[in-house]
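Chemist: Right, I'll just put the structure down here and ask away after.
The values are calculated or read from the model by the stated rules, or taken from the named source; none is laboratory data. Remember, predicted model here, so these are calculated numbers, not experimental data. Cβ: placed from backbone, ideal geometry, glycine included. Neighbour counts: every protein chain shown. SASA here: full protein model, heavy atoms, side chains in, ligands and nucleic acids out. Shrake-Rupley method; radii C 1.70, N 1.55, O 1.52, S 1.80 Å.
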Amino acid sequence: MKNTKDVEGKNRNGVQQNNARQNNARQNNARQNNARQNSTNQNSAQYRYTVRDNDLEKILKERRVMLLELLKKKRADVEKAPAGTLRILKKQDHDQYYWRKNLKDTNGAYIRKKDEEIARRLAQKDYDEKVLKIAEAELSETEKYISFLRQCSPEGLYGRYSEQRRKLIDPLVVPDELFTETWRNEEYDALPFDPDATEYVSAGGVRVRSKAEVMIADMLEHYNIPYRYEYPLMLDGFGQVRPDFLCLNVSKRKEIVWEHYGMMDNISYANRNVKKINAYENNGFFSGNNMIQTFETSQIPLDSSVIRRKIEYYLE
């Protein structure tokens with residue numbers, strides 16, 4: 001008869017090995033999903049700039065707006081500040097402040113302790129005037145660089161060639177329009193619809209399976225977000241899934257799964273989809289990163305404002 005402890009030890013080892021195999025499989029699948037995402041990025045260029053020209057122009061425009069607001073505020077602050085400059089004389093155990101009211105006044109009038117607010121305002125004015133000079137110089141250079149990007153950025157060069165010549169060139173970065181067109185046109189086998197099923201069709205002519213999916217599709221099309229309906233994905237430990245929408249964040253060249261769960265007050269439906277959500281996470285899809293999830297019940301329908309917020313936050 002076998003020793004009980006030996007049997008238990010073998011059982012434990014078997015469980016541990018099985019858990020290790022499952023964890024390795026999950027990690028491998030997560031790596032495959034990451035590789036798929038990296039492939040989406042790498043297919044856009046042999047060499048990617050950290051920030052593409054249209055992204056950089058957006059950043060520069062935001063910086064320009066900030067500089068204009070800063071200049072407006074600091075000019076108003078300097079306008080309200082007292083005339084003259086501040087002279088500070090360092091003593092052994094304290095500082096003495098003097099108010100130079102004009103350029104000829106080299107020493108300035110002594111500022112008493114009770115009037116030190118004047119010293120503070122003069123010091124702030126000196127700082128604000130220097131900020132103005134730096135901000136004005138930066139604004140000028142920013143305007144020049146925005147103009148430069150529009151005319152002759154390396155990334156934008158590819159789009160200036162004819163279609164015939166572009167076919168022969170491997171560009172630094174494929175323009176958004178061409179990248180998006182290629183992504184949209186990838187072929188895959190669509191799931192069939194039941195002949196008796198109600199027809200739900202988006203404004204762009206894509207047939208979907210529910211009113212809620214029409215709402216999502218219409219909103220995606222309104223924001224010009226590329227998507228594939230029910231594109232097949234493999235989840236390790238679960239099998240093939242057909243997410244409602246596989247969306248593309250064009251500016252980040254990032255694919256994002258969008259799943260809508262429309263009957264969450266149905267227990268069997270909810271249980272089935274909780275398993276599916278767990279499978280997504282085990283395969284590297286996380287809500288708020290590369291996955292969007294929306295929910296509804298018979299009492300709480302999908303709100304269009306929820307769709308809009310998610311698109312604006314994750315996909316624009």
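Chemist: Can you find even one residue in the stretch 71-91 that is loosely packed, with under 11 Cβ neighbours inside 10 Å and either assigned to a loop (DSSP other than H, G, I, E, B) or in contact (Cβ under 8 Å) with a residue 40 or more places away in the chain (or both)?
Modeler: Looking for residues that are loosely packed, with under 11 Cβ neighbours inside 10 Å and either assigned to a loop (DSSP other than H, G, I, E, B) or in contact (Cβ under 8 Å) with a residue 40 or more places away in the chain (or both), one finds at least one in the stretch 71-91, hence yes.
Chemist: If you check residue 259 against the conditions, is it touching a residue at least 24 places away in the same chain (Cβ under 8 Å), acidic (Asp, Glu) and at positive phi?
Modeler: Numbers: touching a residue at least 24 places away in the same chain (Cβ under 8 Å): yes; acidic (Asp, Glu): yes; at positive phi: no.
Here the answer is no, as residue 259 does not meet what is asked.
Chemist: Right, residue 188: open to solvent by less than 50 Å² (accessible area, probe 1.4 Å), in contact with a strand residue (DSSP E or B) (Cβ under 9 Å, 6 or more places away or on another chain) and either among the polar types (S, T, N, Q) or part of a loop (DSSP other than H, G, I, E, B) (or both) or not? Give the steps one after another, and end with the answer.
Modeler: Values: open to solvent by less than 50 Å² (accessible area, probe 1.4 Å): no; in contact with a strand residue (DSSP E or B) (Cβ under 9 Å, 6 or more places away or on another chain): yes; either among the polar types (S, T, N, Q) or part of a loop (DSSP other than H, G, I, E, B) (or both): yes.
It is false that residue 188 is open to solvent by less than 50 Å² (accessible area, probe 1.4 Å), in contact with a strand residue (DSSP E or B) (Cβ under 9 Å, 6 or more places away or on another chain) and either among the polar types (S, T, N, Q) or part of a loop (DSSP other than H, G, I, E, B) (or both).
Chemist: Restricting attention to the stretch 263-305, report how many residues are hydrophobic (A, V, I, L, M, F, W, C) and exposed (fewer than 14 other Cβ atoms within 10 Å of the Cβ). If you could, list the steps in order and put the result at the bottom.
Modeler: Residues of the stretch 263-305 hydrophobic (A, V, I, L, M, F, W, C): 263-264, 267, 270, 274, 277, 279, 285-286, 291-292, 295, 300, 302.
Narrowing further to those that are exposed (fewer than 14 other Cβ atoms within 10 Å of the Cβ): 267, 274, 286, 300.
The qualifying residues number 4.
Chemist: Related question: Hey, any hits in the stretch 198-213 for a residue that's under 26 Å from residue 251 (Cβ atoms) and within 22 Å of the chain's Cα centre (by Cα)? It would help to see each step written out before you state the result.
Modeler: Applying the first criterion (under 26 Å from residue 251 (Cβ atoms)) to the stretch 198-213 yields 202-206, 208, 213.
In the following step, the residues that additionally are within 22 Å of the chain's Cα centre (by Cα) were identified as none.
Among the residues of the stretch 198-213, not one is under 26 Å from residue 251 (Cβ atoms) and within 22 Å of the chain's Cα centre (by Cα), which makes the answer no.
Chemist: So is residue 119 in contact (Cβ under 8 Å) with a residue 12 or more places away in the chain and within 25 Å of residue 71 (Cβ to Cβ) or not? Show your work before the answer.
Modeler: Values: in contact (Cβ under 8 Å) with a residue 12 or more places away in the chain: yes; within 25 Å of residue 71 (Cβ to Cβ): no.
Here the answer is no, as residue 119 does not meet what is asked.
Chemist: Can you run down the residue pairs with Cβ atoms below 7 Å, 6 or more apart or on separate chains, where the first is in the stretch 215-236 and under 19 Å from residue 295 (Cα atoms) and touching a residue at least 60 places away in the same chain (Cβ under 8 Å) and the partner is β-branched (Val, Ile, Thr) and not in a loop (DSSP other than H, G, I, E, B)?
Modeler: Pairs that qualify, where the first residue is under 19 Å from residue 295 (Cα atoms) and touching a residue at least 60 places away in the same chain (Cβ under 8 Å) and the partner is β-branched (Val, Ile, Thr) and not in a loop (DSSP other than H, G, I, E, B), are 215/307; 216/307; 219/307; 219/311; 220/311.
Chemist: So, one more: Just name the residue that is nearest to residue 90 (Cα to Cα) out of those in the stretch 125-141 that are free of Cβ contacts under 8 Å to residues at least 60 places away in the same chain and surrounded by 15 or more Cβ atoms within 10 Å (Cβ to Cβ).
Modeler: Keep residues of the stretch 125-141 that are free of Cβ contacts under 8 Å to residues at least 60 places away in the same chain, which gives 125-130, 133-134, 137, 140-141.
Imposing the further condition that a residue be surrounded by 15 or more Cβ atoms within 10 Å (Cβ to Cβ) reduces the set to 125, 128-129.
Working: 125: 20, 128: 23, 129: 23 Å.
The qualifying residue nearest to residue 90 (Cα to Cα) is 125.
Chemist: With respect to residue 112, determine if the residue is open to solvent by 100 Å² or more (accessible area, probe 1.4 Å) and touching a residue at least 24 places away in the same chain (Cβ under 8 Å). Break it down into steps so the answer makes sense when it comes.
Modeler: Values: open to solvent by 100 Å² or more (accessible area, probe 1.4 Å): yes; touching a residue at least 24 places away in the same chain (Cβ under 8 Å): no.
In short, no.
Chemist: Please tell me if residue 248 is under 26 Å from the mean Cα position of the chain (by Cα) and farther than 22 Å from residue 297 by Cα.
Modeler: On the way: under 26 Å from the mean Cα position of the chain (by Cα): yes; farther than 22 Å from residue 297 by Cα: yes.
In short, yes.
Chemist: Sticking with this one: Taking residue 253, is it among the basic types (Lys, Arg) and within 23 Å of residue 187 (Cα to Cα)?
Modeler: On the way: among the basic types (Lys, Arg): yes; within 23 Å of residue 187 (Cα to Cα): yes.
For residue 253, the condition - among the basic types (Lys, Arg) and within 23 Å of residue 187 (Cα to Cα) - is met.
Chemist: Just one of 202, 210 is hydroxyl-bearing (Ser, Thr, Tyr), open to solvent by less than 70 Å² (accessible area, probe 1.4 Å) and touching a helix residue (DSSP H, G or I) at 6+ places or on another chain (Cβ under 7 Å); which is it?
Modeler: Working: 210 fails: touching a helix residue (DSSP H, G or I) at 6+ places or on another chain (Cβ under 7 Å).
Result: 202 is the single residue among 202, 210 that is hydroxyl-bearing (Ser, Thr, Tyr), open to solvent by less than 70 Å² (accessible area, probe 1.4 Å) and touching a helix residue (DSSP H, G or I) at 6+ places or on another chain (Cβ under 7 Å).
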